[in-house]
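The values are calculated or read from the model by the stated rules, or taken from the named source; none is laboratory data. Just so it is clear, the model here is predicted, and its values are computed rather than measured. As a convention, Cβ positions derive from the backbone with ideal geometry for all residues, glycine included, and neighbour counts pool all protein chains shown.
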Amino acid sequence: MDIRQLRYLLALSRERHFARAAAACAISQPTLSARIRQLEDELGVALVERGQRFMGFTPEGERVLERARRIVADCDAMAQDLGAMRRDLTGSLALGAIPTVLPMVAGLTATFAERHPNVALTVLSMSSREIQRGLDAFELQAGLTYLEHEPLHNVRRLRLYDERYVLLAPVDGRLSGLLKGRDAIDWREAADLPLCLLTPDMQNRRIVDEIFASVGRPVAPGIVTDALWLTATHVRTGCWAAVVPAILAAEPGIAHGLRALALTGAADTLAVQPVGLVTADQDPPSPMAAALAAVAQEAARLVG
């Protein structure tokens, strides 16, 4: 058995297709298939369900995948650790970020890239649940997500800032007349407006729903989207308003043609949500995760 066989198996797990997995590993499909069969022979069990196409993994294959993720992650971390000792961190870092934090991600990644130019960065927009799964499967080295609203498991946390919410309203259109001259609105009153909100699979939406419920005004939005920029686009038509994080409302590309009203009348325990960096709770930590945490720690001090 060698580490490449495990990498090929993990590629097949990600791609769910032999040809795509081979392409991702920069080898031919027959080579990938042969190396996985060699691994099966060495272990004495079938790992892959085969038919005319890839059909999944056997129960034994799923168990091997769990171990393989840890082994490959440890091997990568070892190489990164040795590079860090030479002050030459190399490799790749995958960062998952909930959509509401995307406006501040570039500041972190730019600083990280300046300090570690030999690291290839990947930033993925993901839900909080996808980030947890990515960390558990060693597919992500870090995540930017909510820290307290819903349980996080087996992670280390670094608080970066507190998310607060505003009502995003159109400058022109039907709703603009209703909100003319106002710079604040109560959550209860906002519940009566035609709203465009995120889809329920997003934690931001679940937080917003809880706030409305806490003031006795559950809402049924007129339209839902799975992208914040699309939410802003609908508000800009003048037909809807939206509840969004204040950090997003300040973005020039989002704020054009819109204005933000402060939301009042809800308890801070729900209306203020800490957001931060999460990494796998392992000792020693991944060098990539530790390097990103150092950058995030400095950013947190500046924000504070």
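Things to note:
- Single condition residue 78 does not satisfy, out of (1) exposed (fewer than 15 other Cβ atoms within 10 Å of the Cβ); (2) modelled with pLDDT of 90 or more; (3) aliphatic (A, V, I, L, M): (2)
- Any hit, the range 96-106, residues being over 26 Å from residue 128 (Cβ atoms) and not in a helix (DSSP H, G or I): no
- Scan of the range 192-205 for residues that are crowded, with 16+ Cβ neighbours inside 10 Å and touching a strand residue (DSSP E or B) at 6+ places or on another chain (Cβ under 9 Å), ordered by number: 193, 195, 196, 197, 198, 203, 204, 205
- Selection from the range 52-71 of residues that are in a loop (DSSP other than H, G, I, E, B) and either touching a residue at least 24 places away in the same chain (Cβ under 8 Å) or under 21 Å from residue 2 (Cα atoms) (or both): 53, 58
- Answer residue from the range 174-198, given it is assigned to a loop (DSSP other than H, G, I, E, B) and touching a Phe, Trp or Tyr at 6+ places or on another chain (Cβ under 9 Å) and is farthest from residue 256 (Cα to Cα) among those: 191
- For the range 223-253, filtered to residues that are in contact (Cβ under 8 Å) with a residue 60 or more places away in the chain and of a type in the set (Val, Ile, Thr), the residue that is farthest from residue 106 (Cα to Cα) is 237.
- With a requirement of 3 or more residues that are free of Cβ contacts under 8 Å to residues at least 24 places away in the same chain and of a type outside the set (Ser, Thr, Tyr), the helices (runs of 4 or more DSSP H) lying completely within the range 1-51 that satisfy it span 18-24, 29-43.
- Single condition residue 269 does not satisfy, out of (1) under 18 Å from residue 204 (Cβ atoms); (2) of a type in the set (Ser, Thr, Tyr); (3) at pLDDT below 85: (3)
- From the options 224, 215, 219, residue that is within 25 Å of residue 131 (Cα to Cα) and surrounded by 14 or more Cβ atoms within 10 Å (Cβ to Cβ): 224
- Being more than 30 Å from residue 288 (Cβ to Cβ) and among the basic types (Lys, Arg) is a property that holds for residue 50.
- Counting only helices (runs of 4 or more DSSP H) that fall entirely inside the range 242-304 and contain at least 1 residues that are more than 28 Å from residue 167 (Cα to Cα) and assigned by TED's automatic domain parsing to the domain that holds residue 115, the qualifying elements are 287-303.
- Those residues of the range 107-118 which are among the aliphatic types (A, V, I, L, M) and closer than 18 Å to residue 134 by Cβ, in sequence order: 108
- For the range 107-143, filtering for residues that are surrounded by fewer than 17 Cβ atoms within 10 Å (Cβ to Cβ), aliphatic (A, V, I, L, M), touching a helix residue (DSSP H, G or I) at 6+ places or on another chain (Cβ under 7 Å) and not in a strand (DSSP E or B) leaves 1.
- Yes/no for residue 95 being touching a strand residue (DSSP E or B) at 6+ places or on another chain (Cβ under 8 Å), crowded, with 17+ Cβ neighbours inside 10 Å, under 28 Å from residue 291 (Cβ atoms) and not assigned by TED's automatic domain parsing to the domain that holds residue 135: no
- Per the conditions (1) at pLDDT 80 or above; (2) closer than 30 Å to residue 127 by Cβ, the sole criterion not satisfied by residue 60 is (2).
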